[in-house]
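> Next up is a structure, given as structure tokens.
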Amino acid sequence: MSASGSGTTEAGTGEYLLLFRGTGWANGLSPEQMQIEAGKFMSWFERLKMEGACKGGQPLQRQGKLVSGKGGRMIADGPFAESKEAIGGYFLIVADTLEQAVEIARGCPALERGMTVEVRPVAESCPDMQAARKNLEASAVAA
């Protein structure tokens, strides 16, 4: 595991998820302006892929379901497309550090249109499961 806490892909390099939030980036744009802005975003994506910094990514549909509660008993419509915090898509990138991943995210052309980019290190395993495993091991040693 690298110092950033992300899953290691090769010496010193970790994986990071860029989560694109905000669905209003196209508000007030003409169809031609929308094409220009979408073209900027796709050019950035293709450049990152060619440089080997981006492993892939996808836009997300605006509709979906939220599942919660014990046994998944609660199901609600969502996420809500009108929410400015809705996740519109993601990239899986590789970077040496969290700071380098942030620098990659800063290149997102849609930031100029109000989108936000959340940068999250990818963990090798669930952090809660790691803590539970350590607690179990400590209990076994103490016994």
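The values are calculated or read from the model by the stated rules, or taken from the named source; none is laboratory data. Remember, it's a predicted structure, so these values are computed and weren't measured experimentally. Methodologically, a virtual Cβ is constructed for each residue, glycine included, from the backbone with ideal geometry; neighbour enumeration extends over all protein chains shown.
> Only one of Gln130, Gln33 is of a type outside the set (D, E, K, R) and more than 30 Å from Gly14 (Cα to Cα). Can you tell me which?
On the way: Gln130 fails: more than 30 Å from Gly14 (Cα to Cα).
Of Gln130, Gln33, the one residue that is of a type outside the set (D, E, K, R) and more than 30 Å from Gly14 (Cα to Cα) is Gln33.
> A follow-up question, please. Within the range 74-81, does at least one residue satisfy the condition of being touching a residue at least 12 places away in the same chain (Cβ under 8 Å), under 30 Å from Leu48 (Cβ atoms) and within 15 Å of the chain's Cα centre (by Cα)? Don't jump to the end; show me each part of the working.
From the range 74-81, those touching a residue at least 12 places away in the same chain (Cβ under 8 Å) are 77-79, 81; that's our starting set.
Cutting the leftovers down to under 30 Å from Leu48 (Cβ atoms) gives us 78-79, 81.
If we keep only those that are within 15 Å of the chain's Cα centre (by Cα) as well, we get none.
The answer is no, given that none of the residues of the range 74-81 is touching a residue at least 12 places away in the same chain (Cβ under 8 Å), under 30 Å from Leu48 (Cβ atoms) and within 15 Å of the chain's Cα centre (by Cα).
> Look through Glu85, Glu37 and report the one residue that is more than 18 Å from Leu17 (Cα to Cα), surrounded by 11 or more Cβ atoms within 10 Å (Cβ to Cβ) and either touching a residue at least 60 places away in the same chain (Cβ under 8 Å) or in contact with a Phe, Trp or Tyr (Cβ under 7 Å, 6 or more places away or on another chain) (or both). Full working, then the answer.
Numbers: Glu85 fails: more than 18 Å from Leu17 (Cα to Cα).
When all the criteria are applied, what remains is Glu37.
> Taking the condition over 19 Å from Leu19 (Cβ atoms) and assigned to a loop (DSSP other than H, G, I, E, B), does Ser139 pass? If you could, list the steps in order and put the result at the bottom.
On the way: over 19 Å from Leu19 (Cβ atoms): yes; assigned to a loop (DSSP other than H, G, I, E, B): no.
No, not satisfied.
> Would you be able to say whether some residue in the range 127-135 is at pLDDT below 95 and surrounded by 12 or more Cβ atoms within 10 Å (Cβ to Cβ)? Walk me through it before giving the result.
Going through the range 127-135, the residues at pLDDT below 95 turn out to be 127-135.
When the remaining residues are screened for being surrounded by 12 or more Cβ atoms within 10 Å (Cβ to Cβ), the result is 130, 133.
Yes, because at least one residue in the range 127-135 is at pLDDT below 95 and surrounded by 12 or more Cβ atoms within 10 Å (Cβ to Cβ).
> Please state which of the following conditions Tyr90 fails to meet, knowing it meets all the rest: (1) within 13 Å of Val119 (Cα to Cα); (2) hydroxyl-bearing (Ser, Thr, Tyr); (3) outside any strand (DSSP E or B).
(3)
> Quick one: what pairs do we get from the range 48-66, first residue without any contact (Cβ under 8 Å) to a residue 12 or more places away in the chain and of a type in the set (Gly, Ala, Ser), second surrounded by 14 or more Cβ atoms within 10 Å (Cβ to Cβ) and not in a strand (DSSP E or B), C-beta under 6 Å, 6+ apart or different chains?
Filtered contacts from the range 48-66: no entries.
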